[in-house]
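Structure first, commentary second.
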Amino acid sequence: MQKIKVEDKEFEIFLENDTLNKRIRLLGIQINLDYEGKCPLFIGVLNGCFLFLADLIKEINVPCEVAFMRVASYEGILSTGKVKELIGLPDNIEGRDIIIIEDIVDTGLTLTHILKTIKDKNPASVKVSSLLLKPAALKYEIEELEYIGFEIPNEFVVGYGLDYNGLGRNLKDIYRATES
Ligand code: IMP
């Protein structure tokens, strides 16, 4: 088993880059079919989404636009339960078909907050694509969660955009913490 250390914490290999890419290709096919004849606006939630969005967008062949926004609710390894201000949300989303791109949905607090703010601006539709989802950690019902890469156990993961204390985003594969 391939093990690595990020700062003080030990992680083991969980989802290899190949596995991620195969799944992302399928998500792309699904989105292309669902948005035929439309021009969706992808809104990536920084920082964690950057590699997922980069790979997903290359699979999209309907006309589309890309924007980014930022929100942070995580400090270290435990959710603080606090959601900070949304920064950089595009102004002109009225009447648009929005696809929010997330790295991971944990409790769902961040996403619920983002969805409420976006819906207040009257888009034509809003869906969410998250590379990872921890169903056992989910505390909010989110019906817009349409395109999910992988459902994973309630464990801390790092790599492929996801960080531990700011580190590990550059890892090609996704690793999980060997102890909590
Ligand atoms: P939520 O608001 O509890 O759903 O938390 C969502 C945010 O927490 C994600 O966008 C990540 O930034 C962060 N997060 C949740 N779980 C993990 C994890 O296992 N590894 C790294 N970041 C995580």
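The values are calculated or read from the model by the stated rules, or taken from the named source; none is laboratory data. Predicted, not measured: the structure shown is a model, and the values here were computed from it. All Cβ positions, even for glycine, are placed from backbone atoms using ideal geometry, and neighbour counts span all protein chains on display. Side chains are part of the model used for accessible areas, which takes the heavy atoms of the whole protein and leaves out ligands, DNA and RNA. Shrake-Rupley method; radii C 1.70, N 1.55, O 1.52, S 1.80 Å.
For residues that are within 12 Å of the ligand (Cβ to nearest atom) and without any contact (Cβ under 8 Å) to a residue 60 or more places away in the chain, scanning just region 145-154, find the one that is nearest to LEU51 (Cα to Cα). Taking the candidates together, the pick is LEU145. Kindly evaluate GLY168 against the criterion of being under 13 Å from the mean Cα position of the chain (by Cα), within 12 Å of the ligand (Cβ to nearest atom) and small (Gly, Ala, Ser). When the stated conditions are applied, GLY168 does not pass them. Filtered by the rule that a residue be within 25 Å of ILE29 (Cβ to Cβ) and either out of contact with any strand residue (DSSP E or B) (no Cβ under 8 Å at 6 or more places or on another chain) or of a type in the set (D, E, K, R) (or both), region 149-172 gives GLU151, LYS172.
Step by step: first the residues of region 125-180, then only those that are among the basic types (Lys, Arg) and part of a loop (DSSP other than H, G, I, E, B), then the one that is surrounded by the most Cβ atoms within 10 Å (Cβ to Cβ). Which residue is that? Across region 125-180, the extreme among qualifying residues is LYS134. Filter region 1-49 down to the residues that are under 15 Å from ILE148 (Cβ atoms) and of a type in the set (Lys, Arg), then identify the one that is least open to solvent (accessible area, probe 1.4 Å). Checked region 1-49; the qualifying residue least open to solvent (accessible area, probe 1.4 Å) is ARG23.
For region 111-124, indicate whether the set of residues that are within 9 Å of the ligand (Cβ to nearest atom) and open to solvent by 30 Å² or more (accessible area, probe 1.4 Å) is non-empty. Yes, because at least one residue in region 111-124 is within 9 Å of the ligand (Cβ to nearest atom) and open to solvent by 30 Å² or more (accessible area, probe 1.4 Å).
Would you list the strands (runs of 3 or more DSSP E) that sit entirely within region 1-63 and hold 2 or more residues that are of a type in the set (Lys, Arg), under 29 Å from GLU179 (Cβ atoms) and out of contact with any Leu (no Cβ under 6 Å at 6 or more places or on another chain)?
Fully inside region 1-63 and qualifying: 3-6.
Here is the figure for region 91-110: residues that are of a type in the set (Gly, Ala, Ser) and within 16 Å of the ligand (Cβ to nearest atom) total 1.
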